[in-house]
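To start, the structure under review is shown below, and the notes come after it.
The values are calculated or read from the model by the stated rules, or taken from the named source; none is laboratory data. Computed from a prediction, not measured in an experiment: that's the story for all the values here. Note that each Cβ is placed from the backbone with ideal geometry, even for glycine, and that neighbours are counted across all protein chains shown. To get the accessible areas, we keep the full protein, side chains included, count just its heavy atoms, and leave off ligands, DNA and RNA. Shrake-Rupley method; radii C 1.70, N 1.55, O 1.52, S 1.80 Å.
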Amino acid sequence: MQKRKLISTIQTIFGKKSRISKALGGYQKLQEVREISSHFSAYLTPLVASNKDLKEQSYGIRHQVYCVEEGFEPERESKLEIDEFDAYSTACMIEHKKTQRFAGTVRLVRPQKEDELLPIEKYCPSSITHPELNPANFKRHEICEVSRLAVPEEFRRRKSDKYDGASTGVINTSTYSETELRCFPFIAIGLYLAAASISINSGIKHTYVMMEPRLARSMRFIGIKFEQIGPVVDYHGKRAAYYITPEMLHKNLPKGFAAMFKHIQASLGHDVANNDLSVRNADRIVEFIYRSFSTKLLIQKNQQLK
């Protein structure tokens with residue numbers, strides 16, 4: 001709290017456009033994201049649907065969101081949304097620790113044989129117009145598609161709130177504590193990062209996803225920068241084909257979300273790179289500023305400017 005007040009005072013005295021104020025502003029944003037990452041790990045945990053029961057839980061969430069709520073697919077008597085791609089897919093879920101209920105699911109379609117296609121190749125081949133990044137250019141085991149991301153209604157806002165895109169991350173504000181709510185908007189991000197962790201751990205080099213452009217913009221805002229490789233088409237709404245590699249993910253992911261990704265990797269039992277150096281350096285810089293600027297000095301500086 002003292003550091004926040006000091007940063008605010010420094011920015012007031014030196015002006016928000018000064019170099020020191022901009023640097024401290026960047027530090028504040030980093031701290032906020034690190035706090036979100038901390039809350040995420042405190043209340044949520046990712047896991048791979050490695051057995052029949054977990055897979056059916058994932059299929060059940062998909063049925064509720066894609067068939068019942070969104071009407072993208074016909075409702076099934078089994079209440080499980082399953083298709084041909086699940087035979088060579090890995091499902092990932094995020095569990096709410098306190099209730100042991102699942103807050104979301106996503107799958108990674110991972111073809112191994114020449115006749116195994118990605119959903120984007122079968123249903124939206126015209127959505128990919130980039131000649132060099134067409135999945136047909138690469139070996140089957142080097143490509144994957146992230147699909148069927150779904151978030152249960154209880155982790156979203158009420159239907160009466162009518163938030164667009166609620167099934168991919170906007171959450172219910174009345175069921176959970178205020179502290180828990182701070183990390184729930186990042187359920188969708190956590191699912192994408194979990195899928196990325198599985199992809200990287202499996203040696204996959206090229207990842208594809210069909211998503212709404214606004215979701216891609218949201219991902220870009222927090223540093224997950226997909227490359228759009230085709231026009232917007234009508235497929236379960238207005239969507240476009242996007243592409244990303246492990247190198248693109250690591251290059252653009254901010255340090256705060258990198259910490260969140262590191263936690264997800266560790267939770268899934270995947271190798272984790274130590275990339276905390278710049279975060280520690282930022283802490284040291286602010287600690288130096290905190291120790292250097294006494295209240296008396298700030299008051300004197302403020303009086304000089306009056």
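Things worth noting here:
- Built amide H within the under 5 Å cut-off of residue 103, gap 5+: 94, 95, 96
- Residues 17, 262, 79, 255 ordered from highest to lowest accessible area at a 1.4 Å probe: 17, 79, 255, 262.
- Computed extension length for residue 245-residue 132: 39.3 nm, one decimal, from 0.36 nm per residue of separation with the Cα-Cα distance subtracted.
- P(r) weight above 15 Å for region 29-110, C-alpha pairs, percent: 62 percent
- Stretched out straight at 0.36 nm per residue, the stretch from residue 73 to residue 53 would grow longer than its current Cα-Cα span by 5.0 nm.
- Fraction of C-alpha pairs exceeding 11 angstrom in region 68-116: 77 percent, rounded to a whole number.
- When the solvent-accessible area of region 194-235 is split by element, carbon and sulfur atoms take up 52 percent of it, the probe being 1.4 Å.
- Rounded to the nearest 10 Å², the accessible area of residue 199 at probe 1.4 Å: 10 Å²
- Modelled FRET efficiency - R0 22 Å, residue 232 with residue 123, Cβ distances, 0.05 increments: 0.90
- The alpha carbon centroids of region 199-222 and region 227-250 are separated by 7 Å.
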